[in-house]
Amino acid sequence: MKNTLFNRRRFLKETATTATGIAILSSLPQTSFAHSVAEPRIKFSVININHGHIYGMVDAVTRGGGQLVSFYAKEPDLVAAFAKRYPEAKIAANQKEILEDQSTQLILSSGIPIERAPLGIEVMKHGKDYLVDKPGITSLEQLKAVRATQQATKRIYSIMYSERHENRATVKAGELVKAGAIGKVIQTIGMGPHRMSLSSRPDWFFDTKYYGGIITDIASHQFDQFLFFTGSTQAEIVAAQVGNVNHPQYPKFEDFGDVMIKGDKGTGYIRVDWFTPDGLKTWGDGRLTILGTDGYIEIRKNIDIAKSDAGNNLYLVNQKETRYIDCKDEPLPFGTLFVDDVLNRTETAMPQAHCFLATEMALKAQKMAQSISFGK
């Protein structure tokens, strides 16, 4: 696949500074970056950095008590950008050097999506835990192999669902739902619009072979949130559709998808797309609505359009009140909980079964999705 150094540098610059397509970085204050943290509790490394999500992942684990000691990537320009951000990390000569380093417990990765599951299998076979960018698995065949290796090794295979774990308003919504603020959850509606930023995208971005399709990729966030907020442990896809409705120059690309889900404890609707207009002052107006028997919550993750450019906005309506909650100062517990799990062999950050089920639902929806077209 062809790539220019300019496009790679621009891609990393946008994803690391403007949070193009990233809920992770849009929800982090400047003071939360990796260089002002407590004494390290574990050591970790990074293999492959093809998406800028890796920066938010590293910072989350570092805030939780991890120490980044080394990293490896094939692309010199990506290595240079990462080394500038984390000068304390050693540049490894190859992937094997990191996998065989007995001093580390955890590997992070945001490689090309199709390569993430095979790497995770190797990581687990080398006795280490694995935290990977979404989509963490791009086919049902990969999922089967990952599950088998995870069961055999008992290592952690976790996917960074940053729209929930690293968005302060979504974390707050979890607390409110648990406290019964809206009664029993009936449905979630998750919207994941994104801006294309064509000139910044690598070639693999435009081919479903490499990223699994729009539902596998973007909608993995919404499946995670559906399962979490409804409490469902079983689910089926009612209907799904995908299409390339406005980018004929990229025939292997998908720019729209939506899904209806039925769980054992609630229902869900998901819509994802690549149609964020340039007039919006963020990469996408990501929203989540949680409907309960006694009220509802709406989260405006990245912006409150025509009102405020700030993210982490939560609206609560129930039998007692209608209230706006600014969640910019809410804590982000994922990093600490995840490091706890690495140390204690627990599942406090995210149960392994939940991680795999969210992925399975996205993969099944992608596979059964009808193709839509609106003609010329």
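The values are calculated or read from the model by the stated rules, or taken from the named source; none is laboratory data. Treat the numbers as computed from the prediction; the structure is a model and nothing was measured. In this analysis, Cβ positions are derived from the backbone assuming ideal geometry, glycine residues included, and neighbour counts consider all displayed protein chains. Quick note on the areas: whole protein, heavy atoms, side chains included, nothing else; ligands and nucleic acids left out. Shrake-Rupley method; radii C 1.70, N 1.55, O 1.52, S 1.80 Å.
Key figures for this structure:
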item	result
Complete set of residues in region 41-81 that are within 18 Å of MET160 (Cβ to Cβ), free of Cβ contacts under 8 Å to residues at least 40 places away in the same chain and touching a strand residue (DSSP E or B) at 6+ places or on another chain (Cβ under 7 Å)	LEU68, PHE71
Enumeration of residues in region 293-310 that are surrounded by fewer than 22 Cβ atoms within 10 Å (Cβ to Cβ), of a type outside the set (Phe, Trp, Tyr) and closer than 16 Å to GLY268 by Cα	THR293, GLU298
Restricting region 240-265 to residues that are within 14 Å of LYS367 (Cα to Cα) and touching a residue at least 60 places away in the same chain (Cβ under 8 Å), the residue that is most open to solvent (accessible area, probe 1.4 Å)	GLN241
Count - residues of region 122-170 that are over 24 Å from HIS51 (Cα atoms) and of a type in the set (Val, Ile, Thr)	2
Candidate set from region 362-375 (those that are within 21 Å of GLU141 (Cα to Cα) and either in contact with a Ser or Thr (Cβ under 9 Å, 6 or more places away or on another chain) or among the polar types (S, T, N, Q) (or both)); member that is surrounded by the fewest Cβ atoms within 10 Å (Cβ to Cβ)	GLN370
Residues that are of a type in the set (S, T, N, Q) and not in a loop (DSSP other than H, G, I, E, B), drawn from region 312-346	ASN313, ASN318, THR322, THR336, ASN344
So PHE223, is it open to solvent by less than 10 Å² (accessible area, probe 1.4 Å), under 24 Å from MET160 (Cβ atoms) and part of a loop (DSSP other than H, G, I, E, B)	no
Residue under evaluation GLY120, criteria (1) free of Cβ contacts under 8 Å to residues at least 60 places away in the same chain; (2) touching a strand residue (DSSP E or B) at 6+ places or on another chain (Cβ under 9 Å); (3) open to solvent by 40 Å² or more (accessible area, probe 1.4 Å); (4) under 24 Å from ARG147 (Cβ atoms), criterion not met	(3)
Strands (runs of 3 or more DSSP E) contained in region 229-304 and holding at least 3 residues closer than 29 Å to ASP203 by Cα	235-243, 256-263, 267-273
Some residue of region 205-215 being in a helix (DSSP H, G or I) and surrounded by fewer than 16 Cβ atoms within 10 Å (Cβ to Cβ)	yes
Qualifying residue in region 156-178 (condition: open to solvent by 10 Å² or more (accessible area, probe 1.4 Å) and without any contact (Cβ under 8 Å) to a residue 40 or more places away in the chain)	yes
ASN313 vs. criteria open to solvent by less than 40 Å² (accessible area, probe 1.4 Å), touching a Phe, Trp or Tyr at 6+ places or on another chain (Cβ under 9 Å), closer than 25 Å to VAL58 by Cβ and modelled with pLDDT of 95 or more	no
Out of LYS13, LYS84, LYS2, sole residue that is among the basic types (Lys, Arg), at pLDDT 50 or above and open to solvent by 40 Å² or more (accessible area, probe 1.4 Å)	LYS84
Top-ranked residue in region 165-195 [being assigned to a loop (DSSP other than H, G, I, E, B) and over 14 Å from the mean Cα position of the chain (by Cα); ranked as farthest from PHE228 (Cα to Cα)]	ARG195
Enumerated helices (runs of 4 or more DSSP H) restricted to region 53-149, each holding at least 2 residues that are farther than 30 Å from GLY192 by Cα	76-85, 95-99, 113-125
The one condition in (1) under 30 Å from GLN241 (Cα atoms); (2) in contact with a strand residue (DSSP E or B) (Cβ under 9 Å, 6 or more places away or on another chain); (3) touching a residue at least 24 places away in the same chain (Cβ under 8 Å); (4) surrounded by 17 or more Cβ atoms within 10 Å (Cβ to Cβ) that THR282 fails to fulfil	(2)
Positions within region 295-316 being of a type in the set (Asp, Glu) and out of contact with any Lys or Arg (no Cβ under 9 Å at 6 or more places or on another chain), in sequence order	ASP304
Identity of the residue in region 318-370, touching a residue at least 24 places away in the same chain (Cβ under 8 Å) and of a type in the set (Ser, Thr, Tyr), that ends up nearest to HIS221 (Cα to Cα)	THR359
